[in-house]
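The block underneath contains the structure these notes are about, expressed in structure tokens.
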Amino acid sequence: MKYIAPPRDAVDPQVFSRMPLAAWRDHAGLIEGRDWPSIEALNAHLPAAARECFVAQTRELLADGLHYERRIAERGEIATRERNWHDLFNALVWLRHPALKRALNARQAAEVARMGPKTRSRAQCALTHFDEAGVIVVASDPALIAPWDAHDWHRLFWRERTAWQDGRAQLEVFGHALLEHALTPGKLLVGKALVFHSTQAMEVVLAHAAAAIAHGELLCDPLELRPLPLSGLPGWHPHSDDEAFHRHAACYQPRRTGRSYPPAVRLGHLGRAALV
């Protein structure tokens, strides 16, 4: 069922104080309050040397016949629907993670040129899934991977809940559809995660991830992504402090028979994308 975001004036203000939207309070002026930001207001938040800009998605714009990704790659124009939550959160991700967004766009544009506009490759599916629902997880404790592999959600989010609080597991929500879904209080959120085993700071891992995606070392197949029920994280759902939630929540699905996940990415194992 397609998600329909609440009207702007009907959004419960409390959602902005709970993760994941609480992490975007530096853009409160764009997402909170009754008034929608204009395209000009979004562009005002871009650095002066930005390669891209936001443009209103109008009939006149679409008359050029360009694919959305090609328009960004060739003209630097990010078609943006005004007064639209989905596109507003997409714009915010461009503001915070331009290197990751450029990497995705370059790969998508290359795949469109290779496959044509009506056929999607496995890589395109992986890139789109990450763009919409992606999460990057940095786990310094390898013991967290086994329960995740097994979909042992009670262990991962209840018995190991301190790992998500003391820095052994850090995450960055990237997918703009996830941010849009968070507008509904209590909605169960599930991301599609790339997981890295590293003790490096998140910003270092993000830079490696962007380079690896750009060079085709990551996101070549949707099976690289593993589900991460974000609502299980401490404080991310109104009931996440209740152990019973972690035994029965609908966002916790069993692992499909035969499904396996790639090991956590180690930065030193990335070839052309290695930055250090």
Report summary line: Distance in Å, no decimals, from the C-alpha centre of region 212-267 to the one of region 39-90 is 31
Query raised in the report: Taking the chain as a Gaussian network, Cα atoms linked when under 10 Å apart, which of Ala133, Ala211, Ala63 shows the biggest mean-square fluctuation?
Result: Ala63
Report summary line: Gyration tensor (Cα only) of the chain to equivalent ellipsoid, semi-axes in Å sorted down, yields 30, 24, 17
Report task. Could you pull out every whole DSSP H run in the chain that spans at least 24 Å of Cα extent along its own axis and averages -0.5 or higher on the Kyte-Doolittle scale? Result -> 98-115
Query raised in the report: Got the relative contact order for the chain handy, in percent, Cα pairs under 8 Å and 6 or more residues apart?
Result: 21
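Once the piece of chain linking Thr199 and Ala56 is laid out straight, how much longer is it, given 0.36 nm per residue of separation minus the C-alpha distance between them?
47.4 nm
In percent, how large is the relative contact order of region 27-96, given Cα pairs closer than 8 Å and 6 or more residues apart?
33
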Query - Residue order, fewest to most beta carbons within 10 Å, for Lys187, Lys101 - result: Lys187, Lys101
Query raised in the report: In region 214-276, which trypsin sites (Lys or Arg not before Pro) fall in coil by DSSP and have 16 or fewer other Cβ atoms within 10 Å?
Result: Arg255, Arg256, Arg259, Arg266, Arg272
Query raised in the report: What net charge do the residues around Leu194 carry, taking every other residue with its C-beta under 13 Å from that of Leu194, with Lys and Arg at +1 and Asp and Glu at -1?
Result: -2
Requested in this report: Mind listing the long-range amide H neighbours of Ala193? Cut-off is under 5 Å, sequence gap 5 or more, other chains count too, H placed in the peptide plane at 1.01 Å from N.
Outcome: Val135, Arg226, Leu228
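Readers should treat all values here as calculations from the given coordinates under stated rules, not as data from a laboratory. These figures come from a predicted structure and were not determined experimentally. Note that each Cβ is placed from the backbone with ideal geometry, even for glycine, and that neighbours are counted across all protein chains shown.
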